[in-house]
């Protein structure tokens, strides 16, 4: 009887499996199936700084200017532009033939409304507006920006590559108050968002924008041609990394934005899968101390912490494979125009004797410092345990509080005294695009209560940042950036825990022409 | 019976009320600020404050509670903090996947567990009995994710018989729909097969020792008739109870299975909502789950009257 049951079960299973193998439909439409690093939740890239919303923005919208792979700013929606000799007036003309997804032409009025909304949310946008006397539509195609005093970062702001990106929306959409989410998803970018097919937590669908007018220059990061070679893109939300890797191996998806380093060997063993680094600059670990409360309200204690930790231990503890990390003395990333090693010794090696000596000098009383430990994100989970060990060797007593990343994000905004609510130190990671200069990088802002979490209060840093923002000459800007890095180290604004590279994987037997870019762009890909 | 039904339905109101209050206050006491999460990776303090104000999170807790309860009484479960959509719309998008997974799992479970349980009871003490009980222990002991990954590796990655992940709606075609559901349902059913087979075996063994079974054999009835008509039916009450609880658990969120097989069901929605501190979605989901539990328990109680005529309400 048992034998009969077993035979019946196996026969049924085999029959069903073979039946399914022949019923899988073939599709003539080319659909790129992508697993991004997270799920898209908010479809307003101005309302939030979430990276997924930014990535969505690059699919649906376009920008006036854009950064290329040489870190040069290139016109994107703009055709021609000019700057007056006194550097106070910028005239920008839109390229001919730009259209929104609904067929309406992109006009200067759309640009003005979009920049105004963006500037209400974004730090760099707010700074631009402080220097702006007027921003007007001269005619249907031309925008005029008049400054009240020179601002060296006008184009940097308009080409800001990461959250929040100044995407151009129709005027009626951009008139939505900045604190409200938009409900009309019309853009002019290379893809059209299919709201009717969007299933939050499952999949996000885009189709090719047939009216998109690509630039003639070759694609280079976010600049140049954004010509689309597939009919449809589906972002499939797969939360479990192992499942996503299995799906890639089985050919169920074409592209996986972010592969955990520990799963790489599985993909590297598959001849049909290509693994590679698309963002050569990568990411940077940062540790931030809370300047509001003892003991880190004392610069000597902050410097003691910086002498305790070192980049190599962080990188080895989290990434492990030296192919995907780099010790780097430059706060504004190695191999970039603002890179310098000035003042960086304190970040590169641990000197526990120096740390203990500084703690003694500062009168540190041995009160444990609250170290927040994020446990659920692969690329952050080991940072805090490494820091704990190093800080303890440097003379600190450490109370490590483990929590999920979302709790950490919430708790870091609390100014309460360290304990159950407040905190002393936490670690995070920044994408290179966010911190290429001291204005876009939130960590340098040292205007006390208005500064980024940790709230440093340093007039010298603020003066330097202002000087950087107003300096139009790149050579002078570099000199100021060097001074800013040195000041950050002296004052202990924050520390740099090393650079690491994210790995992307795709089916090389199914797709080609995957562009290099510091964020996952999908124009140019062929299938 | 009608009085029983009315009484049971009315009894759900205070239960749901208590659940609502408990969930509301529990969420507010949980660490984590939805506004900070919504603001994103680079969210600035001023942006977080703006979002908190826009969502009404800076209002006193009692005011927030009053607004929420008021909306519920008008049939409005609220809008997700994250997706800019009504919570009811989100639940509606996910309910098919969870229900489908539950139904296919249940079919597999009942088709396998009850014959196995009856067989083990009939062959009580034999190697077949020990084999079924051994399988039952194994079914309880192997974590769902281990079994899931194992089946994916063998049946999907190596043999390519089934897809690794994903869910296809019934509207996409029945075979495609079933093709995507078989592996997760098979994985999920193992623990329920173990549970129900064990329960069936115990109940049937107990019944097989009753006098009326001896009488049935004495009448000359065949093994099949005695087992199916007399033994199984009289053993059905505990089996139905445990099956009903199983259904409620399946609908209440099979988080691990949905994650491993990437099925966008209510379980994953719950986890996402909890991780994102999406208060309106969590509150609505827990209310819905409570309602499902109450309803299924009611159905179980009613089914007793069909299975055992001695039971009257």
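Rule-based calculations on the coordinates, nothing more; no lab input. Being a predicted model, the structure only gives us computed values, none of them experimental. Cβ: placed from backbone, ideal geometry, glycine included. Neighbour counts: every protein chain shown.
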Self-check item: Sum of -39500 (n - 2.57) over DSSP H runs of 4+, divided by residues of chain A (222 nm, nearest 500)
Solution: -9000 deg cm²/dmol
Self-check item: Label-point separation in nm, residue A:354 to residue A:130, each point 7 Å along Cα→Cβ
Solution: 3.3
Quiz item: What is the Cα convex hull volume of the range B:91-213 when expressed per residue in Å³?
Solution: 133
Exercise. Apply 1/(1 + (r/R0)^6) to the Cβ-Cβ distance of residue B:170 and residue B:67, taking R0 = 35 Å, and write down the FRET efficiency to the nearest 0.05.
Key: 0.40
Quiz item: Using alpha carbons only, how many degrees (0 to 90, rounded to 10) separate the axis of helix B:61-73 from the longest principal axis of chain B?
Solution: 60
Self-check item: Whole-number Å³ per residue for the convex hull built on Cα positions in the range A:283-500
Solution: 104
Practice problem: Let me know the whole percent of all Cα-Cα pairs from the range B:94-307 that are separated by more than 29 Å. | Solution: 35
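With both bridge residues required to lie in chain A, what share of the DSSP beta bridges run antiparallel, to the nearest 5%?
The antiparallel proportion sits near 75 percent.
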Practice problem: Return the Cα extents of the range A:435-527 along principal axes one, two and three, sorted largest first, each rounded to a whole Å. | Solution: 56, 31, 22
Quiz item: What is the extension gain from residue A:312 to residue A:138, computed as 0.36 nm multiplied by their sequence separation minus the C-alpha to C-alpha distance, in nm to one decimal?
Solution: 57.3 nm
Exercise. Set the Förster distance to 51 Å, then compute FRET efficiency between residue A:479 and residue B:28 from the Cβ-Cβ distance, nearest 0.05.
Key: 0.50
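Mean projection of the alpha-carbon convex hull of the range B:18-73 over all orientations, in nm²? Walk me through the numbers on the way to the answer.
Working: hull surface 17.1 nm².
Computing the convex hull of the Cα atoms and averaging its projections yields 4.3 nm².
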Practice problem: Could you tell me how many degrees, from 0 to 90 and to the nearest 10, lie between the Cα long axis of helix B:266-275 and the main elongation axis, the longest principal axis, of the Cα atoms of chain B? | Solution: 40
Practice problem: Write down the radius of gyration of the range A:60-187 and its Dmax, each obtained from C-alpha positions, in Å. | Solution: 13.7, 41
Practice problem: Please average, across the residues of B:69-81, the number of beta carbons from any other chain that are within 10 Å of each residue's own beta carbon, and give a whole number. | Solution: 0
Self-check item: Rg and Dmax [Cα atoms of the range B:241-307; Å; Rg one decimal, Dmax integer]
Solution: 13.9, 45
Quiz item: In degrees, nearest 10, range 0 to 90: what is the angle between the Cα axis of helix B:87-122 and the longest Cα principal axis of chain B?
Solution: 20
Exercise. Run the numbers on chain A and let me know its relative contact order in percent, using alpha-carbon pairs under 8 Å that are six or more apart.
Key: 18
Quiz prompt | Residue-averaged [θ]222 nm for chain B, counting only DSSP H segments that reach four residues, each worth -39500 (n - 2.57) | solution = -23500 deg cm²/dmol
Practice problem: Mind pulling up the Rg/Rh value for chain A? Radius of gyration and Kirkwood radius, both on Cα. | Solution: 1.01
